[in-house]
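The values are calculated or read from the model by the stated rules, or taken from the named source; none is laboratory data. Note that the structure is a prediction, hence the values are computed from the model and not measured. Cβ coordinates were reconstructed from backbone atoms using ideal geometry, including for glycine residues, and neighbour counts include every protein chain displayed. The area values use the complete protein model at the heavy-atom level, side chains included, leaving out ligands, DNA and RNA. Shrake-Rupley method; radii C 1.70, N 1.55, O 1.52, S 1.80 Å.
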Amino acid sequence: MARLAQTAGLTDVQQEILTTVRDFVNKEIIPHAQALEHGDEYPADIVEGMKEMGLFGLTIPEEFGGLGESLLTYALVVEQIARGWMSVSGVINTHFIVAHMIKQHGTDAQKAHYLPKMAAGEIRGSFSMSEPDLGSDVAAIKTRAKRDGDSYVIDGQKMWLTNGGTSNLTAVLVRTDEGADKPHKNLTAFLVDKPVGYGEVAPGLTIPGKIAKMGYKGVDTTEMVFTGYEIGADQVLGGVTGQGFAQMMDGVEVGRVNVAARACGISIRAFELAIEYAQQRKTFGKQIADHQAIAFKLAEMATKVEAAHLMMVNAARLKDSGQRNDVEAGMAKLIASEYCAEVTQEAFRIHGGYGYSKEYEIERLMREAPFLLIGEGTSEIQKTIISRGLLREYQSRG
């Protein structure tokens, strides 16, 4: 059989992009990931390399200076990058979500202003829904924007911004006074331009220092605090208030495919490390891969990698076709993240005591995999989305 996680039906252009990215990962990411991750260092040189390759504009239309590629292409690129180091895929994930939101929902002026610079990597995006007391209940957002002439004044605190300090554009979901009867109809997305850095980066806007994390290091995760921050009404995404929830959910739906792709990438790498080690390590006079207990682990791991990859590809292709894919994206994210945790732990067990050493790559993957169980919605949230979709499709006629 072919190696795991191959994708049928790709164009020559897609194959060429993936070959280029795979080579970049093997030469520029994997050899440096351990040192950068242990030092919690931002991968500046790697990011510059991705910028030169045009990856920041991968899905931005050609008319705005991008490559105009599909979500499937992007997901497969993310899978390869996460295989090298998940944090690097995090650098472009939020950027891609914001670019998608502007492409799909922005005004003509917003598209013309932001997308060419985002394609070139000059503007790099982050997005913010969560708050300290919020969790998954997005409709309960407290951060508020009040109209003041031609501007709005924002007050509140946002949480868990990936690239919060290194991005210079953030799509922020806040509450506005729409008077709607449903809470989510009172939410609006703003495009917040800000300088890179920490502290009070603009009057009324503070980015506290990086949040210390168990894994997912290198990429910065921050809060965002608004204290009487003034922003023009022209920075409302799409120019219409009260549409922010739907706009953000569109972005998150795409993000769930991205997280599934990241989980697939980590799973692939964990499997690669495990099967290589299993053929090198010997016990009782033979390589441990020849022991049935280890061989069966490898078989189960490979099957999970393949299943997750296929579900991720299906969800991406559905979105590209213009069909609703909330259930499929939820399924892909659920299965890929859960299988990622399982495959990574089995690879850790195959390594034995060495898996606990920071000298071995699997130790890093063990700290990274759990993030995917909660990123872009927990497994429980995915099950809620999936079950609601199933009940919608299989509604009893009795």
Cα-Cα separations in the stretch 164-251 greater than 18 Å, expressed as whole percent: 51
Nearest 10 degrees is fine. How inclined is helix 108-119 to the longest principal axis of the chain, computing both from alpha carbons? 30
What are the extents of the Cα atoms of the stretch 125-166 along their three principal axes, in Å, largest first? 32, 27, 12
Using just the alpha carbons, could you tell me how many Å³ per residue the convex hull of the stretch 257-398 encloses? 113
Residue with peak Gaussian network fluctuation, the chain [Cα springs, cutoff 10 Å], from Ala119, Ala347, Ala293: Ala293
Mean Cβ count within 10 Å, highest first, over the residues of peptides 91-98, 13-20, 217-224: 91-98, 217-224, 13-20
Once fully extended, how much extra length lies between Val201 and Ala109, figured as 0.36 nm per residue of separation less the alpha-carbon to alpha-carbon distance? 30.6 nm
Assigning unit charges at the beta carbon (Lys, Arg +1; Asp, Glu -1) and nothing else, what dipole magnitude in debye, to the nearest 20, does the chain show about its Cα centre? 960
For the stretch 155-257, accessible area per residue (1.4 Å probe, heavy atoms of protein chains only), Å²: 36
Compute the helix-to-body angle for 379-393: its Cα long axis versus the longest principal axis of the chain, expressed 0 to 90° and rounded to tens. 70
Averaged per residue, what accessible surface does the stretch 312-362 expose to a 1.4 Å probe, in Å²? 46
If I take every Cα pair under 8 Å that is 6 or more residues apart in the chain, average their sequence separation and divide by the length, what percent do I get for the relative contact order? 16
Of all the C-alpha pairs in the chain, what % are more than 40 Å from each other? 16
How long are the three semi-axes of the equivalent ellipsoid of the stretch 289-329, in whole Å, if each is the root of 5 times an eigenvalue of the C-alpha gyration tensor, listed from largest down? 34, 7, 4
How big is the stretch 102-218 by Rg and Dmax over its Cα atoms, in Å? 15.0, 45
Taking protein heavy atoms only, a 1.4 Å probe, and rounding to whole percent, the accessible area of the stretch 269-346 owed to carbon and sulfur comes out at 52
What's the ranking of 44-50, 247-253, 140-146, 329-335 by average number of surrounding C-beta atoms within 10 Å, highest first? 329-335, 247-253, 140-146, 44-50
Put +1 on the Cβ of every Lys and Arg and -1 on every Asp and Glu Cβ in the stretch 1-149; which of Pro31, Val138, Ile97 then has its Cα farthest towards the positive end of the dipole? Val138
If each of Gln15 and Arg367 carries a label point 7 Å out from its Cα toward its Cβ, how far apart are those two points in nm? 4.0
